[in-house]
Protein chains: 2
Amino acid sequence: MTTPAGRASAGRTPTERADRPEHAARPERTERADAARNRLRILDAARRLLAADGFAELSLDAVAKEAGVGVGTVYRRFHNRAGLVYALIEDNETRFQEAFARHCGDGAPSAYERLRAFLHGMAELVDDNRELLLLAEASAPAGRYHSTPFRRHHEQVVGMVTELAPGVDAAYLADLLLMAYTPGLFDFQRTERGWDVDRIKGGLDALIAGIGAAPPVTPCAG
Amino acid sequence: MTTPAGRASAGRTPTERADRPEHAARPERTERADAARNRLRILDAARRLLAADGFAELSLDAVAKEAGVGVGTVYRRFHNRAGLVYALIEDNETRFQEAFARHCGDGAPSAYERLRAFLHGMAELVDDNRELLLLAEASAPAGRYHSTPFRRHHEQVVGMVTELAPGVDAAYLADLLLMAYTPGLFDFQRTERGWDVDRIKGGLDALIAGIGAAPPVTPCAG
DNA sequence: GCACCAACCGGAGAGGTCTCCGCTTGGCGT
DNA sequence: ACGCCAAGCGGAGACCTCTCCGGTTGGTGC
């Protein structure tokens with residue numbers, strides 16, 4: 001998300017700037033050197049603080065101090081705590097995508113198997129990053145739906161579901177499937193309900209097996 | 001935006017963490033008269049403020065002032081903002097339960113029809129209380145799973161699913177079905193995706209129809 | 001080089017959440 | 001009636017998030 005597309009700015013006179021809506025189609029400016037340096041510093045400081053103090057709390061004031069920048073700089077860059085945490089998350093997401101692609105690239109399995117592999121992979125990913133995801137959710141519960149990882153996951157699941165069961169509302173089902181990995185729910189199931197990851201995988205397996213097997217409304221016996 | 005639940009100062013305080021299941025679990029001790037009076041005052045003040053200023057913000061300082069009590073009193077009673085908001089929600093929940101019972105009490109429809117009615121009713125309930133639910137979720141995303149309404153809903157859905165499809169993991173499926181009404185998701189679907197309530201109802205209908213129709217794992221063809 | 005200026009920086013301050021703790025009081029036993 | 005005391009009260013204060021804005025600087029056109 002952070003890679004700047006190096007595009008030189010066309011010289012603009014200040015008068016032009018006034019009569020156009022500011023955030024309409026702002027061409028991507030290259031990030032200034034000091035800004036880039038500070039962004040890295042902040043991300044690094046956050047990781048350090050998280051590792052040291054645990055995931056229960058993450059004060060952006062503290063992050064700023066650790067990074068050696070002012071608070072304003074942190075907020076300018078990441079908007080709010082949720083923004084910072086989501087930026088941290090994108091990293092892990094990349095690794096997941098690679099693993100999933102590797103898993104599905106060869107052999108080209110059926111849609112069912114790919115969906116199953118995806119869902120199982122998600123279970124492991126969420127389990128591994130539980131604390132960070134919980135922090136992200138606590139910071140901005142609704143932020144998830146707008147996040148790059150969620151959107152990408154949704155797209156992928158829609159594709160597989162469409163292939164698996166052409167009749168169903170794939171977009172809706174994808175939402176629901178992804179909701180299985182809402183951090184708070186997942187943690188509640190693992191911790192409070194005492195379920196292991198296999199139970200969750202199994203529940204999802206059964207669900208998608210049913211979907212793949214049965215036409216959406218008419219019963220099998222019919 | 002707002003800090004999740006607790007402050008977690010250096011030394012752990014002996015006071016209980018906030019996201020415990022205890023909202024409605026009042027100890028057997030009878031509430032003192034002044035405490036009861038203040039609780040009502042606070043609830044009332046909160047409703048008044050919400051109606052007047054909108055649901056975007058609800059400062060407990062302001063609630064305390066409006067109620068004519070100290071901040072400490074508010075926090076003693078409701079632990080944190082989430083607690084106060086969930087207390088407000090329980091009210092609407094009661095009305096929903098009554099409607100659902102009335103709907104299902106006579107005629108004793110099939111499990112499928114009862115589940116369908118329940119899910120549709122939830123859709124309306126969530127749609128009607130979107131703002132309040134969003135506020136609750138923002139205050140404590142994980143608090144939902146511990147709340148009395150969620151637990152009751154879960155129990156009810158488990159019962160209906162068990163009856164409908166004895167082979168499946170009813171507890172897991174109930175979780176998933178209820179996640180369809182996560183406030184953030186629902187609002188995202190309605191607002192951002194531009195879906196209407198019927199689309200959501202329809203998606204759920206198809207899902208439970210499939211579940212009722214197909215045996216959990218073996219495909220029809222087998 | 002040099003001048004210009006948009007983007008960037010930093011930190012004071014507004015406003016919120018929640019805790020701490022000394023004072024007050026309702027309800028009970030006698 | 002009366003005394004006791006756990007439960008309740010209130011608000012100062014610690015700490016946090018996020019905004020605002022005057023001063024600074026990297027990168028560009030000339």
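The values are calculated or read from the model by the stated rules, or taken from the named source; none is laboratory data. Model, not experiment: these values are computed from the prediction. Glycine also receives a Cβ, built like all others from the backbone with ideal geometry; neighbour counts cover every protein chain displayed. SASA here: full protein model, heavy atoms, side chains in, ligands and nucleic acids out. Shrake-Rupley method; radii C 1.70, N 1.55, O 1.52, S 1.80 Å.
Examine the range B:165-177 for a residue that is open to solvent by 40 Å² or more (accessible area, probe 1.4 Å) and over 17 Å from A:LEU204 (Cβ atoms), and state whether such a residue exists.
Scanning the range B:165-177 turns up at least one residue that is open to solvent by 40 Å² or more (accessible area, probe 1.4 Å) and over 17 Å from A:LEU204 (Cβ atoms).
Among A:LEU84, A:LEU135, A:LEU119, A:LEU125, which is in the same structural domain as A:ILE200 (by TED's automatic domain parsing) and within 16 Å of DNA strand D (Cβ to nearest atom)?
Only one candidate qualifies: A:LEU135.
Which one of A:THR148, A:THR182, A:THR191 is at pLDDT 95 or above, open to solvent by 20 Å² or more (accessible area, probe 1.4 Å) and not small (Gly, Ala, Ser)?
Selected residue: A:THR191, the only one of A:THR148, A:THR182, A:THR191 that is at pLDDT 95 or above, open to solvent by 20 Å² or more (accessible area, probe 1.4 Å) and not small (Gly, Ala, Ser).
If I filter the range A:101-110 for residues that are more than 16 Å from DNA strand C (Cβ to nearest atom), away from chain B (no Cβ under 14 Å) and either of a type in the set (Phe, Trp, Tyr) or within 17 Å of A:ARG47 (Cα to Cα) (or both), do I get at least one hit?
For the range A:101-110, residues more than 16 Å from DNA strand C (Cβ to nearest atom), away from chain B (no Cβ under 14 Å) and either of a type in the set (Phe, Trp, Tyr) or within 17 Å of A:ARG47 (Cα to Cα) (or both): absent.
Picking from A:THR148, A:THR182, which residue would you name as being closer than 20 Å to B:LEU178 by Cα, touching a residue at least 24 places away in the same chain (Cβ under 8 Å) and of a type outside the set (Lys, Arg)?
A:THR182
Answer yes or no: is there a residue in the range A:102-117 that is among the charged types (D, E, K, R), open to solvent by 40 Å² or more (accessible area, probe 1.4 Å) and within 14 Å of the chain's Cα centre (by Cα).
no
Select from the range A:19-56 the residues that are part of a loop (DSSP other than H, G, I, E, B) and modelled with pLDDT of 85 or more and list them in ascending order.
Within the range A:19-56, A:GLU31, A:ARG32, A:GLY54, A:PHE55, A:ALA56 qualify.
Just the residues that are near DNA strand D (Cβ under 10 Å from one of its atoms) and not small (Gly, Ala, Ser), please, taken from the range A:36-52.
A:ARG37
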